[in-house]
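Asker: Take this structure first; my questions come after.
The values are calculated or read from the model by the stated rules, or taken from the named source; none is laboratory data. Because the structure is a prediction, the values reported are computed rather than measured. Cβ coordinates were reconstructed from backbone atoms using ideal geometry, including for glycine residues, and neighbour counts include every protein chain displayed.
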Amino acid sequence: MRLSSMHYFPLAWPFILAFALLVVIVVALVELNILKYAYERMGIPPRYVLAVLLFSLLGSAVNIPLIQLPPEQVVSGRTVDFFGMGYVIPVVQEWPGTIIAVNVGGALIPVILSLYLLFKNTFYLRALLAVAVVALVVHRFAYPVRGVGISVPIFIPPIVAALAAMILAWRQAAPLAYIAGCIGTLIGADLWNLYRIQGLGAPVASIGGAGTFDGVFLTGIIAVLLSPVAGRPRA
C-alpha cells in the first residue's frame with residue numbers, strides 16, 4: 001500500500017477548476033465589498049474568507065485514514081460519472097482493501113466551521129432540526145457507486161439546507177444553511193451508509209470526499225449567496 005494513493009483530488013480536473021473559479025469570484029466580490037456584509041452575516045470575518053475557501057478546496061486532496069475493511073478487489077485509476085459530476089478513483093497497487101478515511105476539505109474543515117457558527121449563533125434546537133431534515137433527504141438520495149463509495153446529486157444538499165434554514169431561522173438563514181448542509185450531508189450520506197461501503201471496490205471511502213465533497217463545498221457558496229436575502233446579523 002502506498003500512502004500517496006490516499007491523497008488525491010476527489011473530482012476530475014474540470015470540476016476542480018470550476019470550483020476554483022467559484023472561489024476566485026467569491027473572493028473578488030468580497031474584496032469589492034459586495035459580499036463583505038454577507039460574510040459578516042455568516043459570522044465569518046471577511047479577512048478569513050479566502051483562507052476558508054482555499055483550505056476547503058485544497059484540503060479535499062487530503063484523507064486521514066481511520067480503519068481498513070476486510071480485503072477485496074478494488075477499482076483503480078478511473079473517473080466515474082454520477083449526476084454530471086466526475087469522481088476520481090486513485091491508481092493503487094497492492095491495495096489491501098477499502099480504507100475508511102476522513103477528508104480534510106470536505107469533512108474536517110466544514111465540521112470545525114459549523115461548530116464555530118453554531119456556538120456563535122446559539123440556535124441549537126433549530127440547528128438540530130435543520131440537520132435532521134437535510135440528513136433525511138440526503139439519505140433518501142444517497143446512492144452507492146462502485147469504486148467511489150456513497151454519492152449524492154450535487155444540488156440536493158445546498159437546496160434542501162437553504163430551504164430548511166429559511167423556514168426555521170430567516171434572520172440567521174446563512175449560518176444555519178451552512179451547518180445543516182455540511183453536517184446533514186456528512187450524516188445522511190456518509191455516516192448513515194457506512195455499512196454499504198463493503199463490496200463497492202472503493203480503494204478509499206472518504207467521509208466528505210468523492211461523492212459528497214461537491215455538495216458540501218457548494219453548500220458553503222450557496223450559504224454566502226443566501227446571506228443578502230436574510231435579515232441583519234445579531235449584534
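Asker: Identify all residues within the stretch 149-162 that are on the phi < 0 side of the Ramachandran plot and either among the charged types (D, E, K, R) or not in a helix (DSSP H, G or I) (or both); write none if there are none.
Answerer: 150, 151, 152, 153, 154, 155
Asker: Of everything in the stretch 73-120, what is charged (D, E, K, R) and at pLDDT below 70? Give them in sequence order.
Answerer: If the condition is that a residue be charged (D, E, K, R) and at pLDDT below 70, then 78, 94 are the ones that fit.
Asker: Here's something else I'd like to know. When you look at residue 194, is it out of contact with any Lys or Arg (no Cβ under 7 Å at 6 or more places or on another chain), modelled with pLDDT under 85 and over 16 Å from residue 115 (Cα atoms), yes or no?
Answerer: no
Asker: Could you please give the count of residues in the stretch 1-32 that are more than 22 Å from residue 152 (Cα to Cα), out of contact with any helix residue (DSSP H, G or I) (no Cβ under 7 Å at 6 or more places or on another chain) and either modelled with pLDDT under 80 or not in a helix (DSSP H, G or I) (or both)?
Answerer: 9
Asker: So, in the stretch 48-67, of the ones that are touching a helix residue (DSSP H, G or I) at 6+ places or on another chain (Cβ under 9 Å) and modelled with pLDDT under 85, which residue ends up surrounded by the fewest Cβ atoms within 10 Å (Cβ to Cβ)?
Answerer: Of everything passing the filter in the stretch 48-67, 48 is surrounded by the fewest Cβ atoms within 10 Å (Cβ to Cβ).
Asker: Based on what the data block shows, is residue 154 under 12 Å from the mean Cα position of the chain (by Cα) and within 22 Å of residue 200 (Cβ to Cβ)?
Answerer: Considered against the rule, which asks whether it is under 12 Å from the mean Cα position of the chain (by Cα) and within 22 Å of residue 200 (Cβ to Cβ), residue 154 comes out as yes.
Asker: Report yes if residue 150 is among the hydrophobic types (A, V, I, L, M, F, W, C) and either touching a Lys or Arg at 6+ places or on another chain (Cβ under 6 Å) or in contact (Cβ under 8 Å) with a residue 24 or more places away in the chain (or both), otherwise no.
Answerer: Considered against the rule, which asks whether it is among the hydrophobic types (A, V, I, L, M, F, W, C) and either touching a Lys or Arg at 6+ places or on another chain (Cβ under 6 Å) or in contact (Cβ under 8 Å) with a residue 24 or more places away in the chain (or both), residue 150 comes out as yes.
Asker: Select from the stretch 191-215 the residues that are of a type in the set (S, T, N, Q) and surrounded by 18 or more Cβ atoms within 10 Å (Cβ to Cβ) and write down the one among them that is nearest to residue 162 (Cα to Cα).
Answerer: 212
Asker: Let me ask something else. Can you spot a residue in the stretch 141-148 that is in a helix (DSSP H, G or I) and among the hydroxyl-bearing types (Ser, Thr, Tyr)?
Answerer: no
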